[in-house]
Each structure stands twice: as C-alpha cells, then as structure tokens.
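Colleague: Take this structure, written in structure tokens, and hold onto it; I'll ask about it next.
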Amino acid sequence: MKTSKLHDIRIVWFRQDLRLADNPALAAACEAGGKVVPLYILDDDTAGSWQPGGAGRWWLHHSLQALGRDLKKRGAALCLRRGEAAAILPDLAAETGATAVYWNRCYEPFAIARDKELKAELKERGLTVESFNGSLLSEPWEIKTGQGGPYKVFTPFWKALLAAPEPAAPLPAPKKVDGFAGQASDELDAWALPPTKPDWAGGLRETWQPGEAGAASGLGSFLDEAAANYKNKRDNPSIRGTSRLSPHLHWGEISPRQVWHTVKHAIARDGLSESAGLSYLRQLAWRDFSHVLLYHWPEFPETSWKPEYDSFPWRDDEKAYTAWCRGRTGYPIVDAGMRELWHTGWMHNRVRMITASFLIKHLLIPWQRGEAWFWDTLVDADLANNAAGWQWVAGSGADASPYFRIFNPITQGEKFDPKGDYIRRWVPEIADLPDAYLNKPWEAPPDVLESAGITLGETYPKPMVDHKAARERALAGYETIKKTA
C-alpha cells in the first residue's frame, strides 16, 4: 500500500539517463504517487572543462527532444533549466512545492561532490532525496578484490563480475507519468546546442538517431546482423561488426542492464553462441571497470595513473597535433580514423587505438591532448571510458598496454582493413592505389602514383614521421622513465 500523499510533487532529475525504461529514479517517483516534475539541468558551470563537447552537445539536443516527446505521450512535460544545479534544484523545489527529489547517480568527481552537497541541503530543507544506480552493471564500490579494495586489472574484475549475482532485471517504462504543469521551462532551441555557424553536423545527422527508440533499434540490429560474428569481426572497421551503442549508453538512452539481459536472452533462447555473447558483454564490463578507476582515482582523466609517465620527454608540436586532428598525417589508416571521427562523431574502437598510439608514440604528444580532442568530437565522449582508453594506449594507466607496444600503422591497416574499403571510403584521394601500396603510398612507383592521380605532398601528404625512426625515439623516451618507476 502506498503511504505517500497523492498530491505530493516529486522532481525527477534526469542526467545521463535520458530514457523512460529501466530508469530507477523515474520508476520510484511514479510508484510513490503524486505529481512528477521531469527536470533536466544544463550545468556547464559545475562540469567546467568537462562540460559536453561540440559533438556531445549536438547529441544532447536531439536526445532531449526525444525524451520530451516520450514524456509528453505519457502525460508530463520535460522542464529545462540552465545553470548551476546546486542553485536551480532547491529553487525549483521551492517554486513547485516539491516534497521529494529522485536522481540516478553520476560518477564524475565534480558530479559526486555536487550531488553530495545537494542531497544534504535538500534533506535539511525537509525533502526526501533518493539516488539510484541507473548507469552501470554494478556500483564502482561493489566488486572488490580479496583484500577488499578496487580491482586494478581488468580480467580479474571481469571474472568477479561474472561470478557475482546477475544484474537486476530491467524495469519497464511507466505507462503514465502524472506530470505537474505549474513550472516554467527554458526552450531547448534557446540553448543553441547544435552547431550553426558553420553547421558541421551533417555527418552526425546522417549517421545517428539519438533517443531511446534509436538505442533500442541499434541493439536489435546488432543482435540480428552482427552479434553472431562479433568476436571475429569486431576489429574490422569497414563493416558494421560492432553495436555502436556507446553514445546511447553514455547518454543513458539504454541501460547496461537492458543490454546485458537482452544479450543473455539471445544466448539462452535465440541461438547466439555464449562465446560471441560474452565477448560483447565483456565490453560492458570494461565500461564498468573504467568507472571503478574514475571513482577510486578521481584525477584519472587529467594525470597519469602511473606518475612516472609525467616525466616522459613529451613534445610540444602544435603543427603535428593539428595534422593529426585533421587526418593529414600521411598514414592512411590514421587519417581515415580521424576523418571518420570528424564526419560521424564516432570512430571504430580498433582505429581509436591506432590513432591514439600514433599521437602518443609516433608524435610524442601527451595523451591528454588526444583525450581533449576526442572529448570535443566524440558523440560518446565519456569521462571514464575516454580517460581509460587513452591511458591504456599510453601505458600510463591501470592494466595498461605495455609501453613498448607501438602500433605500426602500416601493418595495422593491412591486417584490419585487408581490402582497403575503410581507407578508400575516408581517404578518397588515394582510393585508386593498388592494395599493395594503399597503406604506404610513398613506396608506390611514380607511374603508379600518376595513374592514381596522386602527387605526394600536394594531393595527399607525405608521412609526417618515419615509422621505424619514430618507434626507436619512443622507446628511448620510455627508457628514461623506467629509471623513475
């Protein structure tokens, strides 16, 4: 029996959980009874340098549009406010006469500090405040080592997660949200989140469908078309071998519990092999592991987890950094990845590793600069995942790639894009090169270059650095930090 008053007003503060299904905060508010105020706050001030980048703001605009439509169908209007949540939320509670506030937890250091203070203040004002896990399979403090601390190595974490109780079953979307209609709201268009001058988001519009429906469609397509071969084909960037759910997961348009149980159902009843299914679910576990690192080491996105890497002889080379950002390095697989990123706001995971390795180990540019570029250009820019990925490649993070692993951009392209389809799509100026020279145009004879319409240094850049020399330079740099380890 419900003990709450039917006329109580409850604020549901949406953050990185822009969905109705399996939304614990929304479900709790609806179950408690009374009126519901669905709220989203654009709190750039608290986020500081980690406010959403350009691509993320485009996604957020369209995701909020979709959430607003979905809420309206169920009887509620999404309230939009802009500014510091620490001020807006208490003010809105007073304005509406709210008796309770519900939210799903965020794990960025600035969000944890803000939410802790907010919860205390709101409770002091007499409001009920409840927070929930709506973003991870397990909380960052739940999966512990035998010594009671957080895992620092992924594979044991993955095994412990598999041995733990199954994640809770997803909650259904509420059939009705009894909305409170008395609060003022900003107009979404007034926030000017998408780019306009210039409008560089054409490729994003072609590629993505932000929102809960787009997330569900993406998961369904993956299970129908790619999941069975995920383990064998996920490293080939020229095919749709991955789920591409990362932006939907980051913005919370689908929950990891929904993905987990849907994949487990496909294994149990739809003929998906356990090997293929677990290979995919392992990526969800890596996402959880990244949040463990962020939670227990809050400086992880800005400083090397292994402090000796701060003494690496990094180079300050703005010209080289700009060439990398623009996909003009002269190494086709690197350039293809950087151009895919700029056009679609996303990059295939294998190519993320290749491009990151090139920036760090060929150009000796600090991993934080690459992390910042990805933050601005990725639609799935996630503080935990982005930092973990970059520190993994640099060798400076927990359970990181060894420092001496330096991806050869030539052989990586030949191995993972064997037919050259990916490179030819994103670097069309060299598309007519024979396969033998596609990853190393500088080795093509003059007549082959001429036949392909290529003038190195003009129509396509010469390689910025020689791979062998760059590798030796990077290894020499890493030798200097081994002395401080």
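Colleague: Which of the following residues is on the phi > 0 side of the Ramachandran plot, in the same structural domain as S255 (by TED's automatic domain parsing), surrounded by fewer than 18 Cβ atoms within 10 Å (Cβ to Cβ) and in a loop (DSSP other than H, G, I, E, B): G126, G148?
Modeller: None of the others qualify; the one that does is G148.
Colleague: Here's something else I'd like to know. Over 21 Å from A474 (Cβ atoms), of a type in the set (A, V, I, L, M, F, W, C), crowded, with 23+ Cβ neighbours inside 10 Å and not assigned by TED's automatic domain parsing to the domain that holds L284, is that true of V393?
Modeller: no
Colleague: Continuing with the same structure: Just one of the numbered conditions (1) under 22 Å from H343 (Cα atoms); (2) outside any loop (DSSP other than H, G, I, E, B); (3) not charged (D, E, K, R) is not true of L219; which one?
Modeller: Among (1) under 22 Å from H343 (Cα atoms); (2) outside any loop (DSSP other than H, G, I, E, B); (3) not charged (D, E, K, R), the lone unmet condition for L219 is (1).
Colleague: What's the number of the condition T262 fails, among (1) assigned to a loop (DSSP other than H, G, I, E, B); (2) in contact (Cβ under 8 Å) with a residue 24 or more places away in the chain?
Modeller: Checking T262 against (1) assigned to a loop (DSSP other than H, G, I, E, B); (2) in contact (Cβ under 8 Å) with a residue 24 or more places away in the chain, the one that fails is (1).
Colleague: Just to be sure, is I454 within 23 Å of L359 (Cα to Cα) and β-branched (V, I, T)?
Modeller: Here the answer is no, as I454 does not meet what is asked.
Colleague: Go through (1) more than 23 Å from the chain's Cα centre (by Cα); (2) in contact (Cβ under 8 Å) with a residue 12 or more places away in the chain and name the single condition K72 misses.
Modeller: (2)
Colleague: I'm checking my understanding of the structure. Among residues of the range 307-345 that are crowded, with 18+ Cβ neighbours inside 10 Å and at pLDDT below 95, which one is farthest from W50 (Cα to Cα)?
Modeller: F312
Colleague: Follow-up. Conditions first: (1) closer than 24 Å to Y107 by Cα; (2) in contact with a Pro (Cβ under 9 Å, 6 or more places away or on another chain). T377 passes all but one, so which condition is the exception?
Modeller: Exception for T377: condition (2).
Colleague: Could you identify the single residue in A181, A164 that is under 30 Å from G33 (Cβ atoms) and either of a type outside the set (K, R) or free of Cβ contacts under 8 Å to residues at least 12 places away in the same chain (or both)?
Modeller: Unique residue meeting the criteria: A181.
Colleague: Hey, could you check the range 400-426 for residues that are in contact with a Leu (Cβ under 9 Å, 6 or more places away or on another chain) and assigned to a loop (DSSP other than H, G, I, E, B) and say which is farthest from Y295 (Cα to Cα)?
Modeller: G420
Colleague: Could you look through the range 315-327, keep only residues that are free of Cβ contacts under 8 Å to residues at least 60 places away in the same chain and more than 25 Å from the chain's Cα centre (by Cα), and pick out the one that is nearest to S401 (Cα to Cα)?
Modeller: Checking each candidate, the answer is R315.
Colleague: Here's something else I'd like to know. For the subset of the range 52-63 comprising residues that are in a helix (DSSP H, G or I) and more than 13 Å from G214 (Cα to Cα), which member is nearest to the chain's Cα centre (by Cα)? Spell out the reasoning first.
Modeller: Step one: of the range 52-63, the residues in a helix (DSSP H, G or I) are 54-63.
Subsequent filtering for residues that are more than 13 Å from G214 (Cα to Cα) retains 54-58, 60-61.
Numbers: G54: 14, A55: 11, G56: 10, R57: 13, W58: 14, L60: 13, H61: 17 Å.
My answer is G56.
Residue by residue, here is whether (1) of a type in the set (D, E, K, R); (2) free of Cβ contacts under 8 Å to residues at least 12 places away in the same chain; (3) not in a strand (DSSP E or B) holds:
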| position | (1), (2), (3) |
| --- | --- |
| V37 | no, no, no |
| Y40 | no, no, no |
| Q65 | no, no, yes |
| I88 | no, no, yes |
| Y102 | no, no, no |
| K119 | yes, no, yes |
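Colleague: Suppose the filter is part of a helix (DSSP H, G or I) and either outside the structural domain of L363 (by TED's automatic domain parsing) or surrounded by fewer than 13 Cβ atoms within 10 Å (Cβ to Cβ) (or both); does K468 pass it?
Modeller: Criteria met by K468.
Colleague: Another question, if that's okay. Can you find, within the range 265-310, the residue that is farthest from the chain's Cα centre (by Cα) among those that are of a type in the set (S, T, N, Q) and part of a helix (DSSP H, G or I)?
Modeller: That would be S275.
The values are calculated or read from the model by the stated rules, or taken from the named source; none is laboratory data. Just so it is clear, the structure is predicted and the values come from calculations on it, not from any experiment. We place every Cβ from the backbone using ideal geometry, glycine too, and count neighbours over all the protein chains shown.
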